[in-house]
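Here's the structure we're looking at; comments come further down.
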Amino acid sequence: MGPSFTPDWRLAIGALFATGCLAILFVAFPSNNLLIAAAIIAVPVFLIAAVSHPELFLVGCAFMPQWKNAWPLNHFASVGDLTLVMLLGLLLGILWRTLRHVGRMERDNLPELFRGQWLVISAYVLFAGAVLASYAYTTAPNYGGVKLARFLLIGTLFLYSGMILVRDEEQFRRIASLFVLAACVTAFQMVFHLQQRAAGEETDITRIGAGWLLGMGILLLLGYPIVRNRRRYLVCVVAALPLLSAGLIASASRGPMVSLAIALVFTMFWFAKRQFATIRVWVAVLLVGSCVASFFYLRHMDPDKYNAKLSEMIALSSGHQGSGSGAKRLDFYSRTMTAIPENLWLGQGIGSWSVFYYGRDTRDYPHNLLLETMFEEGVLGASLFLLFLGLLAIAIRRMLAATDSQYGVLAGLLVYCVSVSMFSGDLDDNRILWLWAGVILAVCRNAYLESRRRSLLKRYQRPMDSPVPALSTARSVFAHPQAIKG
């Protein structure tokens with residue numbers, strides 16, 4: 001059986017459908033009167049969708065930067081930044097969920113959501129504190145201030161959202177399904193707009209952000225059954241995997257490709273080997289075949305650019321010096337490692353790498369999150385970052401043991417996100433890492449609470465051959481259900 005649709009879910013779908021119809025009308029008939037009418041209807045629709053299903057906006061926040069400049073969303077550029085609209089919807093939904101937990105309208109109160117995960121959360125708070133403190137001595141107050149604000153606000157919101165939204169397996173499956181669906185839309189956009197993009201003024205075809213998301217979509221599609229019915233799930237894999245593979249090749253982002261290969265090997269043969277037990281061979285054949293066919297098809301459409309990317313990748317892997325972005329990043333890494341000992345313990349402050357390398361306060365970074373943290377926050381910040389990742393890995397290991405590797409794809413996603421962060425992006429760009437960290441903590445918390453409930457129920461369960469307990473004892477157990485909750 002597929003996921004069931006509750007009345008709230010139908011209401012949210014209806015609200016999004018109405019918003020889509022209004023968007024089409026606005027694009028087709030751009031007039032002030034229609035815009036006012038659309039706003040009157042769209043605001044309550046937006047609020048209903050945000051309150052009933054904030055996971056729609058969580059996935060929207062991840063993908064909107066890739067969508068907002070493409071048709072038809074590019075027509076709304078004059079209205080406002082659609083990424084901010086997604087963030088606002090997510091914030092409203094999370095605030096409503098939090099108030100429901102505080103008011104005990106949900107089955108668990110707010111402290112229950114953090115049960116068993118305080119060490120990992122404390123490590124994140126300490127790391128965020130180190131990043132915040134580094135702003136006091138940074139040499140790049142403009143870029144550093146923007147990066148700090150976006151990390152503290154958006155990154156923390158993503159982390160908290162993951163912990164709030166995933167309360168059971170069905171909610172995790174819903175987020176995973178939405179993520180795969182959004183990745184398919186992105187892949188479609190990448191493939192079928194390639195010819196138009198290549199004919200324009202843009203010289204670099206690389207879309208690193210889209211490549212990141214498409215790699216995650218492939219991992220989720222293969223590593224977790226997004227549909228309960230196995231036959232339908234296999235149909236989804238056969239239909240979606242070639243499209244996602246073509247989109248990943250079209251993005252021409254080598255970091256996500258390499259990271260996906262690493263994460264898939266770990267996921268298939270370790271983290272989620274039960275999921276791949278019977279389909280490992282044909283999944284590998286389908287994935288490799290889709291990637292090879294997509295490369296030759298896309299190279300035929302734009303041979304110069306894709307041949308240049310392939311030649312640079314081959315040159316770097318064989319140890320030869322290239323002239324593209326890969327060679328530039330190797331220079332970033334070598335110069336950064338040479339300069340780290342100058343301010344070893346506390347670093348030179350958030351955003352300061354741009355001043356060190358380019359001599360100006362602009363948005364530039366070494367395209368390696370660990371080196372960036374080591375340079376800007378020193379050994380202290382890098383140690384806290386690694387502590388966070390280490391504690392998160394320990395929590396995943398315990399969760400996999402408790403759930404029989406049911407959520408092994410989450411371990412693969414962590415490996416993928418960390419690996420991608422070593423190739424590109426800065427602390428703000430890698431916000432998806434905090435999103436999946438929140439989801440991981442939520443699943444670990446659910447497994448922890450379930451194991452506690454089982455142990456407590458087993459403790460209070462009367463053996464078949466034991467005498468009947470006294471009435472007062474039975475009442476003390478069942479008259480106080482909070483005792484079972486811990």
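The values are calculated or read from the model by the stated rules, or taken from the named source; none is laboratory data. On a predicted model such as this, the values are computed, not experimentally measured, just so you know. Cβ coordinates were reconstructed from backbone atoms using ideal geometry, including for glycine residues, and neighbour counts include every protein chain displayed. Heavy atoms of the whole protein, side chains included, go into the accessibility calculation; ligands, DNA and RNA do not. Shrake-Rupley method; radii C 1.70, N 1.55, O 1.52, S 1.80 Å.
Side notes on the structure shown:
- Surface exposure of region 345-455, expressed per residue as accessible area with a 1.4 Å probe, stands at 33 Å².
- Taking a ≥ b ≥ c as the square roots of the eigenvalues of the alpha-carbon gyration tensor, region 227-267 is classed oblate because a/c is 1.5 or more while a/b is no larger than b/c.
- Burial ranking of peptide ranges 245-257, 149-161 (average Cβ count within 10 Å, highest at the top): 245-257, 149-161
- Packing-based ranking of 432-442, 224-234, 183-193, 335-345 yields 432-442, 183-193, 224-234, 335-345, ordered from highest to lowest mean Cβ neighbour count within 10 Å.
- Per-pair calculated FRET efficiency, R0 = 60 Å: Arg459 and His193 via Cβ, rounded to 0.05: 0.50
- Gain on full extension, evaluated as 0.36 nm per residue between Val292 and Arg230 minus their Cα-Cα distance, stands at 19.6 nm.
- Seen through its C-alpha gyration tensor, with square-root eigenvalues sorted a ≥ b ≥ c, region 80-125 comes out oblate because a/c lies at 1.5 or above while a/b is not bigger than b/c.
- Per-residue packing, averaged as other Cβ atoms within 10 Å, sorts the ranges 50-58, 363-371, 387-395, 64-72 into the order 50-58, 363-371, 387-395, 64-72, beginning with the highest.
- Gyration tensor verdict on region 63-182 (Cα atoms; rounded if a/c is under 1.5, prolate if a/b is larger than b/c, oblate otherwise): oblate
- Charge sum, other residues only, whose C-beta stays under 14 Å from Leu391's C-beta, Lys/Arg counted +1 and Asp/Glu -1: +3
- With all protein chains kept in place, the per residue accessible area of region 92-243 amounts to 44 square angstrom at a probe of 1.4 angstrom.
- Difference of contour (0.36 nm per residue) and Cα-Cα distance, Trp96 to Leu344: 84.9 nm
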